[in-house]
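Colleague: Quick one: this structure, given as structure tokens, is what I'll be asking you about.
Derivation of every value follows stated rules applied to the coordinates shown; laboratory data play no part. Treat the numbers as computed from the prediction; the structure is a model and nothing was measured. Positions of Cβ are backbone-derived with ideal geometry, glycine not excepted, and every protein chain shown enters the neighbour counts.
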Amino acid sequence: AGGDVGRRDMFEALADSWGIGFADLIQDPPDPEVVRRVPTEQMLREHWVPQRIVETFIGDHVQRTAFVATAERPSDALEATVRDVLDVDVVHCRATTDWDVDQAVLLEAASEGVELLAIAQMLAANR
């Protein structure tokens, strides 16, 4: 119907208001190896998923930067969690929809052999 705002439009508007970019996890899926480093239940509960980790050499130091898609407003607490869980120095957040987070996390869980019933229970428990 005319005037309806879709989920993606809403999250793109939120990304603008949060001052961050938007991540389409279907067109730019997360690196499975990075996703596997975070507990599935945590990503579903906290509405974020890591997309990738980039290492940059700065002098004799390697700076590790995590790029994370989140359906929640980025916060110091989220950044601290990501730094701790992924052992990175810097966190860059981009907004995405809760649907995108769920799909990315659950597709990875399914590819790892998690049974469909267990996936459905995880999703239901975090709604």
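Colleague: If you work out Rg and Dmax of the Cα atoms in Å from the coordinates, which of (1) 15.2, 57; (2) 15.8, 49; (3) 17.1, 51 do you get?
Modeller: After the calculation, the listed value that fits is (1).
Colleague: Let me ask something additional. Output the antiparallel fraction of DSSP beta bridges having both residues in the chain, as a percent to the nearest 5.
Modeller: Given both bridge residues lie in the chain, the antiparallel proportion sits at roughly 60 percent.
Colleague: Quick check: pseudo-label points 7 Å beyond the Cα along Cα→Cβ at Val62 and Arg45, how many nm apart are they?
Modeller: The answer from the label model is 3.1 nm.
Colleague: Roughly what would the spin-label model give for Ile26 and Glu112, points 7 Å off Cα along C-beta, in nm?
Modeller: 2.4 nm
Colleague: So for the pair Trp99, Val85, with labels modelled 7 Å out along Cα→Cβ, what separation do we get in nm?
Modeller: 2.3 nm
Colleague: Please work out the C-alpha center-to-center distance from region 50-79 to region 80-96 and express it in whole Å.
Modeller: 4 Å
Colleague: Hydropathy at least -1.0 by Kyte-Doolittle, axial extent at least 30 angstrom from the Cα trace: which helices of the chain, defined as entire DSSP H runs, fit? Each step should come with its number before you reach the end.
Modeller: Details: long enough: none.
Span-like helices, by this rule, are absent here.
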